[in-house]
Amino acid sequence: MSDLSELKIKLAMSSRMLFNAGLVDYSGHISARIPGSDHLVILPHPVSRATVKASDMVITDFEGKLIEGNYKAPSEVNMHARAYKARSDIQSVAHLHNHMVATLSMVDKPFYPASSNPGAFFGPGPLPKYMDPALIHTIEQGDAVAKVLGKSDAVMLRGHGSMVVAHSIEWVFAGCIDLEEAASRFYKASLLGAVMVYNDDETERVMKQRRKDSVVQKVCDHNVAKTTLAGLMDDI
């Protein structure tokens, strides 16, 4: 199996897993950099995120131009393309319509790590927030999101959702799961009183325990099993 074929299969599986986890709906997408090129492979625009197949995937360049595929790229492909353009370390990108993160993005309060495991996956300090609520359709908008992302692993999109980046599809998927869980815990805790956020030392120590390949694989394997039980892993 070629590296590209393997990437397409992983993206199809991850899309169905993200759908099953409630992190994408009829929109939202996950992509991967094609190694050794200035191209990316991504979910197509019209195909359901719950049933997308490896053969449905499309390829674009880092300007968002369609290179290969039977469908159009998603309208927000430039969010992915420009993140890859800006940072050579990024190998996979996910754009989510995750409800709790979107909710936290709508208030003028920072979202800090504050709970062990998911809350510390993204490192110390508040998650960066891209403030323009418009959909990201242009190269200029994609560059603006990448600028706010900076060196972080995720960025909140005001009133919209989030973008998560990492060095592999597996790490992006685990980050997506952790981000929404952390947001849900943060929101619930805030209803009870002032949230006791982690300081930098606490975050670093918890993060070392969470950011491991073995933990990421455990998160992925669990969600493969859940999505299989839901009947959504057939005919990838």
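The values are calculated or read from the model by the stated rules, or taken from the named source; none is laboratory data. Since this is a predicted model, take the numbers as computed values, not measurements. As a convention, Cβ positions derive from the backbone with ideal geometry for all residues, glycine included, and neighbour counts pool all protein chains shown. What goes into the accessible areas is simple: the full protein's heavy atoms, side chains included, and nothing from ligands, DNA or RNA. Shrake-Rupley method; radii C 1.70, N 1.55, O 1.52, S 1.80 Å.
Overview of results
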read-out: Qualifying residue in the range 84-92 (condition: under 24 Å from residue 149 (Cα atoms), in contact with a Phe, Trp or Tyr (Cβ under 8 Å, 6 or more places away or on another chain) and not hydroxyl-bearing (Ser, Thr, Tyr)); value: yes
read-out: Subset tally (residues that are within 24 Å of residue 50 (Cα to Cα) and either of a type in the set (A, V, I, L, M) or surrounded by 12 or more Cβ atoms within 10 Å (Cβ to Cβ) (or both)) for the range 191-236; value: 17
read-out: Within the range 96-115, tally of residues that are crowded, with 16+ Cβ neighbours inside 10 Å and part of a loop (DSSP other than H, G, I, E, B); value: 7
read-out: Every pair of residues 6+ apart whose Cβ atoms lie under 7 Å, when the first sits in the range 1-30 and is within 14 Å of residue 55 (Cα to Cα) and charged (D, E, K, R) while the second is outside any loop (DSSP other than H, G, I, E, B) and open to solvent by less than 50 Å² (accessible area, probe 1.4 Å); value: 8/41; 8/54; 10/169
read-out: Selected residue (only one of 3, 56 is acidic (Asp, Glu), at pLDDT below 95 and surrounded by fewer than 21 Cβ atoms within 10 Å (Cβ to Cβ)); value: 3
read-out: Pick from the range 120-143, criterion touching a strand residue (DSSP E or B) at 6+ places or on another chain (Cβ under 7 Å) and not in a loop (DSSP other than H, G, I, E, B), ranking: most open to solvent (accessible area, probe 1.4 Å); value: 129
read-out: Unique residue being more than 13 Å from residue 79 (Cβ to Cβ) and among the hydroxyl-bearing types (Ser, Thr, Tyr) when the list is 103, 138; value: 103
read-out: Residues being part of a loop (DSSP other than H, G, I, E, B) and of a type in the set (Asp, Glu) - total across the range 64-95; value: 2
read-out: Residue 92 farther than 22 Å from residue 197 by Cα, open to solvent by 40 Å² or more (accessible area, probe 1.4 Å) and not β-branched (Val, Ile, Thr); value: no
read-out: Selection status of residue 23, open to solvent by less than 20 Å² (accessible area, probe 1.4 Å) and farther than 21 Å from residue 156 by Cα; value: no
read-out: Qualifying positions in the range 26-56 - closer than 21 Å to residue 138 by Cα and of a type in the set (A, V, I, L, M, F, W, C); value: 30, 32, 40, 41, 42, 43
read-out: Selection from the range 135-163 of residues that are among the β-branched types (Val, Ile, Thr) and in contact (Cβ under 8 Å) with a residue 24 or more places away in the chain; value: 136, 138, 139, 145, 155
read-out: Of all residues making up the range 69-89, the number that are touching a residue at least 40 places away in the same chain (Cβ under 8 Å), under 18 Å from residue 46 (Cα atoms) and surrounded by fewer than 21 Cβ atoms within 10 Å (Cβ to Cβ); value: 1
read-out: Among (1) surrounded by 24 or more Cβ atoms within 10 Å (Cβ to Cβ); (2) more than 18 Å from the chain's Cα centre (by Cα) - the single one residue 35 does not satisfy; value: (1)
read-out: Residues that are of a type outside the set (Val, Ile, Thr), within 23 Å of residue 6 (Cα to Cα), part of a helix (DSSP H, G or I) and open to solvent by 10 Å² or more (accessible area, probe 1.4 Å), drawn from the range 154-190; value: 170, 171
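Yes or no, residue by residue, for (1) in contact with a Cys (Cβ under 7 Å, 6 or more places away or on another chain); (2) under 19 Å from residue 167 (Cβ atoms); (3) among the hydrophobic types (A, V, I, L, M, F, W, C):
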| site | (1), (2), (3) |
| --- | --- |
| 56 | no, no, no |
| 59 | no, no, yes |
| 63 | no, no, no |
| 85 | no, yes, no |
| 109 | no, no, no |
| 114 | no, no, yes |
| 125 | no, no, no |
